[in-house]
Amino acid sequence: SSGINAEWPLRPGTQNGTKRIVRKRTPWESIANRVWKFLNNPKSSKAATVWAWLDIVFIMISVTCLIVETLPDIKSKVQDSRSYEYKILFTLDTICVGFFTFDLVARGITAPIKKVFFMSLMSWLDFLAILPYFVLLFTAESNNTIEILRVLRLARVLRVFKLVRRSKKLLLIAHVMKKSTSELSLLVMVWLMAVVVFGSFLYYAENGKNDKIESILGACWWAVATMSTVGYGDVYPMSTWGKVIGTVVVFLSMIFLALPLTIIVSTFSKTYRARKCLTAESNDDDDDDDDNIVVDEGATEGDGSRADMEDNELGHNSKTADVDQI
């Protein structure tokens, strides 16, 4: 697992001059394991906590710079690379990207399982968050590239998703959404069917009587705003039958939204309780994380101690994997 509880595996071996069976890491694996825990687990040390808060501060600074450069008073000045405002924002963005790049590269080098790390969604989001800076840095703006550069600038907003990695509660919500895929799919399908059906009903009910509803697509926009209980008020029925259809839509939309959401809330509650129980159990079983762990003093490699040792390790790894998954 590439989660915060993943560690470099301990390798079997024996201490010199004794019969004690130990599991140990190589010097590089020991260093990589400490760096990995430092970067991914804020609770591993006080320095790791400071690093996590520093990461959050840089994320907030980066997002703030992205927002500030779109303000009307700043936007025109930022377009001039010689302006004072441009230099300040560019410097802040460079510092933030440098921090994010170092964090991503360090986690990639020290990841216990490289394949899992490089295939994880959060790793790709971290990469896409810093990619626009380097592309914009070496790409000159022209008529042919202006649309591409706008998309790349927009991609910088992905940096806000880096906060998900620092919050267990946000990770829990993402896991619940993944487990509730079937319920969400049902909600989307029922919702889309209702939008098309009620939008068509409203179009024919208001046809020739309402200038704001010129097509079924326009009526579907009304159905979307009504079923989501937003009700912008830009499009609304005027005829009697149109108002009857609107009343039915409002009533049924509450049912369409309530039924799947109840299942999702129940899944969230069960997952949250399971995560708390598994986390508490994992903390009870956690050791001091020594690089060399003595398993059985006086045992030899030929007796059953090694099998017991491996069974215990497999059990602990299974619990850790369950916690990471949740």
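The values are calculated or read from the model by the stated rules, or taken from the named source; none is laboratory data. Note that the structure is a prediction, hence the values are computed from the model and not measured. With ideal geometry, Cβ positions are generated from the backbone for all residues, glycine too; neighbour counts draw on all protein chains shown. Remember, those area values only see protein heavy atoms, side chains included, never the ligands or the DNA or RNA. Shrake-Rupley method; radii C 1.70, N 1.55, O 1.52, S 1.80 Å.
In order along the stretch 36-47, the Karplus-derived 3J(HN,Hα) couplings, from 6.51 cos²θ - 1.76 cosθ + 1.60 at θ = phi - 60°, round to 4, 5, 4, 7, 10, 10, x, 7, 6, 6, 5, 5 Hz, and Gly and Pro are given as x. Per-peptide packing, taken as the mean over residues of other Cβ atoms within 10 Å, places 82-91, 241-250 in the sequence 241-250, 82-91 from highest down. The candidates 80, 103, arranged from most to least accessible area with a 1.4 Å probe in the full protein assembly, appear as 80, 103.
With a point put 7 Å past each Cα toward its Cβ, work out how far residue 228 is from residue 251 in nm, to one decimal. Here the modelled spin labels are 2.5 nm apart. Put a dot 7 Å past the Cα of residue 167, heading toward its Cβ, do the same for residue 116, and the two dots end up 2.5 nm apart.
For residue 212, the lysines whose Cα comes closer than 23 Å to its Cα, not counting residues fewer than 8 places off in the same chain, are 243. Across the stretch 258-273, rounded Karplus estimates of 3J(HN,Hα) from the backbone phi angles (6.51 cos²θ - 1.76 cosθ + 1.60, θ = phi - 60°) give 6, 5, x, 5, 4, 5, 5, 5, 5, 5, 4, 4, 5, 5, 5, 5 Hz, Gly and Pro being marked x. Using the Karplus relation 6.51 cos²θ - 1.76 cosθ + 1.60 with θ = phi - 60°, the per-residue 3J(HN,Hα) values for the stretch 189-198 come to 5, 5, 5, 5, 4, 5, 4, 5, 5, 6 Hz, with x marking Gly and Pro.
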